Amino acid sequence: MKVLVVGSGGREHAMAWKLAQSPKVQQVYVAPGNGGTAKDKNLVNVPITDLALLRQWALDNGIGLTLVGPEAPLAAGIVDDFRAHGLRIFGPTQAAAQLESSKAFSKAFMQRHGIPTAAFETFTDAALAHAYVDRQGAPIVVKADGLAAGKGVVVAMTLAEAHEAIDFMLLDNTLGVAHNAGGARVVIEEFLQGEEASFMVLCDGKNVVALATSQDHKRLQDGDVGPNTGGMGAYSPAPVVTAEVHARAMREVILPTIRGMDKDGINYTGFLYAGLMIDPQGRIKTLEFNCRMGDPETQPILMRLKSDFLEVLLAATSEGLGQLDMEWDRRVALGVVMAAAGYPLNPRKGDAITGLPKDQEDAMVFHAGTTEKEGQILTSGGRVLCVTALADSVKQAQQKAYQTATPIAFDGMQMRQDIGYRAIRN
């Protein structure tokens, strides 16, 4: 079978890499792909980003299955369009993807269906938003309502930071975020304390299967300080997701979400990612939903997946998840992100990357913001690489990942040195 992976990030590199391991896969294409997928002899980049052109290319080239990595094509309706032309594709429809593409939709949905989440209000008027923040006090969370590539959330520890975030998102709208009705909108919600975890499942429209648990590090710098990012590293499994927390997440968040969508007339298929805040008593609240696998969580999760990824996706596109038993490597996988100079707000592009090691069975360098030019790999985005390793413990996986990353260099590189510290500390 010929398989197409849509996207250009580290998540898509990991997906394509895993799919290429299936004996049933004839060829894996990545559209548009990156420098890492370009240099992988098992993958072929397709330089098409226009969704209508890509659908026609898939029809012309006999693509048997399409897997969508990032959120933007899902919000643009790629699943609806491919299905309308008889193509098999895994992901949520445009209506279902609103769970991610609009924070306001998502929060109202959770409120309506009794899914635990932080108290919130939604604003389009900056003056009203400023007044609300003054009444509530800090710390408080300000979120841009729309797709902001992981950079639309400000956890404001002071009132000044909250007011600055409101102006940035509503008045400047520097992020270029527009919600579904056009214009700019923010969701302001209460600050929650606890430990975050990424809880991801596969949905086939009827059945739900949980993926291995994971935890990522959102802040740019060691010790979880600095600006929020799309994620500076992750590991799997996440010790904070105990058996009790896992059962609670399925019972209180995942299943009510799938049932709630169905009640609202939307059949949910695809990955569903719930960002959870877990308090010291093991109680959970939902921070956000994503309608795809997380990045950089995908890289460690797929390093641990022992099942044939193609078989998993074929079951997920034929209401067959009820018969699926996924097999996981008992070892820990940990991924460290190497980011460009200026990330997260103004990442620099075009820096040459040197010292890239060969792929190993227990250590992989997944490319994200890279491009290949005249045989050289250059930076082309904020998060450049995710160096991911497998080992018997979090500490050993951490050591292996950083050891693998040591020879890699590019100007202005940013990399946290403490990925996995929570799991090691606990």
Q. Mind checking which residues of the stretch 303-323 are open to solvent by 50 Å² or more (accessible area, probe 1.4 Å) and among the basic types (Lys, Arg)?
A. 306
Q) Among the residues of the stretch 219-236, which ones are without any contact (Cβ under 8 Å) to a residue 60 or more places away in the chain and under 12 Å from the mean Cα position of the chain (by Cα)? A) none
Q.
Looking only at the stretch 381-426, count every residue that is surrounded by fewer than 21 Cβ atoms within 10 Å (Cβ to Cβ) and in a strand (DSSP E or B) and tell me the total.
A. 2
Q: Scan the stretch 268-282 for residues that are open to solvent by 10 Å² or more (accessible area, probe 1.4 Å), part of a loop (DSSP other than H, G, I, E, B) and touching a residue at least 12 places away in the same chain (Cβ under 8 Å) and jot them down.
A: 279, 280, 282
Q: Might you check whether a residue that is crowded, with 16+ Cβ neighbours inside 10 Å, in a strand (DSSP E or B) and either without any contact (Cβ under 8 Å) to a residue 24 or more places away in the chain or in contact with a strand residue (DSSP E or B) (Cβ under 6 Å, 6 or more places away or on another chain) (or both) occurs anywhere in the stretch 122-129?
A: yes
Q: At least 1 residues that are at pLDDT 95 or above and closer than 24 Å to residue 329 by Cβ in each: list the strands (runs of 3 or more DSSP E) lying fully within the stretch 177-265 that qualify.
A: 195-204, 208-210, 233-236
Q: Could you list all residues from the stretch 283-302 that are in contact with a Gly (Cβ under 8 Å, 6 or more places away or on another chain) and either open to solvent by less than 10 Å² (accessible area, probe 1.4 Å) or among the aromatic types (Phe, Trp, Tyr) (or both)?
A: 286, 289, 291, 293, 294, 296, 297, 298, 299, 300
Q | Of all residues making up the stretch 85-141, the number that are in contact with an Asp or Glu (Cβ under 6 Å, 6 or more places away or on another chain) and of a type in the set (A, V, I, L, M) | A | 4
Q. So which pairs qualify, if the first residue must be in the stretch 338-358 and at pLDDT below 95, the second must be outside any loop (DSSP other than H, G, I, E, B) and not hydrophobic (A, V, I, L, M, F, W, C), the Cβ gap must be under 6 Å, and the two must be at least 6 apart or on different chains?
A. 344/227
Q: Run residue 51 past the list (1) within 20 Å of residue 308 (Cα to Cα); (2) surrounded by fewer than 20 Cβ atoms within 10 Å (Cβ to Cβ); (3) in contact with a helix residue (DSSP H, G or I) (Cβ under 6 Å, 6 or more places away or on another chain) and report the number of the one that doesn't hold.
A: (1)
Q: Please determine, by comparing only the residues of the stretch 61-77 that are surrounded by fewer than 24 Cβ atoms within 10 Å (Cβ to Cβ) and over 13 Å from residue 49 (Cα atoms), which one is nearest to the chain's Cα centre (by Cα).
A: 71
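Just the residues that are under 18 Å from residue 389 (Cα atoms) and open to solvent by 40 Å² or more (accessible area, probe 1.4 Å), please, taken from the stretch 237-255.
So in the stretch 237-255, the residues under 18 Å from residue 389 (Cα atoms) come out as 237-239.
Selection gives 237, 239.
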Q. Pairs, please: C-beta under 7 Å, at least 6 apart or cross-chain, first residue in contact (Cβ under 8 Å) with a residue 40 or more places away in the chain and in the stretch 248-264, second in a helix (DSSP H, G or I) and not small (Gly, Ala, Ser)?
A. 260/109
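Name the one entry in 35, 9 that is open to solvent by less than 10 Å² (accessible area, probe 1.4 Å), touching an Asp or Glu at 6+ places or on another chain (Cβ under 6 Å) and not polar (S, T, N, Q). Talk me through it step by step, then tell me what you get.
Working: 9 fails: open to solvent by less than 10 Å² (accessible area, probe 1.4 Å).
One residue alone meets the criteria, 35.
Does residue 56 qualify as being among the polar types (S, T, N, Q), free of Cβ contacts under 8 Å to residues at least 24 places away in the same chain, open to solvent by 30 Å² or more (accessible area, probe 1.4 Å) and not in a helix (DSSP H, G or I)?
Working: among the polar types (S, T, N, Q): yes; free of Cβ contacts under 8 Å to residues at least 24 places away in the same chain: yes; open to solvent by 30 Å² or more (accessible area, probe 1.4 Å): yes; not in a helix (DSSP H, G or I): no.
It is false that residue 56 is among the polar types (S, T, N, Q), free of Cβ contacts under 8 Å to residues at least 24 places away in the same chain, open to solvent by 30 Å² or more (accessible area, probe 1.4 Å) and not in a helix (DSSP H, G or I).
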Q: Search the stretch 324-350 for residues being among the acidic types (Asp, Glu) and either in contact with a Lys or Arg (Cβ under 7 Å, 6 or more places away or on another chain) or closer than 13 Å to residue 301 by Cα (or both), and hand back the single one that is most open to solvent (accessible area, probe 1.4 Å).
A: 327
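Among the residues of the stretch 78-107 satisfying the criterion of being outside any helix (DSSP H, G or I), open to solvent by less than 10 Å² (accessible area, probe 1.4 Å) and among the small types (Gly, Ala, Ser), which is nearest to residue 189 (Cα to Cα)?
Initially, the stretch 78-107 is screened for residues outside any helix (DSSP H, G or I), giving 85-97, 102.
Filter once more, so that each one left must be open to solvent by less than 10 Å² (accessible area, probe 1.4 Å): 89-92, 96-97, 102.
Those left that are additionally among the small types (Gly, Ala, Ser): 91, 96-97, 102.
Details: 91: 28, 96: 23, 97: 21, 102: 15 Å.
Taking the candidates together, the pick is 102.
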Q) From the residues in the stretch 204-236 that are in contact with a Pro (Cβ under 8 Å, 6 or more places away or on another chain) and under 25 Å from residue 98 (Cα atoms), which one is surrounded by the most Cβ atoms within 10 Å (Cβ to Cβ)? A) 214
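Among the residues that make up the stretch 50-67, is at least one of them among the acidic types (Asp, Glu) and within 25 Å of residue 257 (Cα to Cα)?
First, pick out the residues of the stretch 50-67 that are among the acidic types (Asp, Glu): 50, 60.
Subset that is within 25 Å of residue 257 (Cα to Cα): none.
No; the residues of the stretch 50-67 include none that is among the acidic types (Asp, Glu) and within 25 Å of residue 257 (Cα to Cα).
The values are calculated or read from the model by the stated rules, or taken from the named source; none is laboratory data. All values reported here derive from a predicted model rather than from experimental measurement. So basically every Cβ, Gly included, is an ideal-geometry build from the backbone, and we count neighbours across all protein chains shown. Accessible surface is based on the protein model in full, side chains and every heavy atom, while ligands, DNA and RNA are left aside. Shrake-Rupley method; radii C 1.70, N 1.55, O 1.52, S 1.80 Å.
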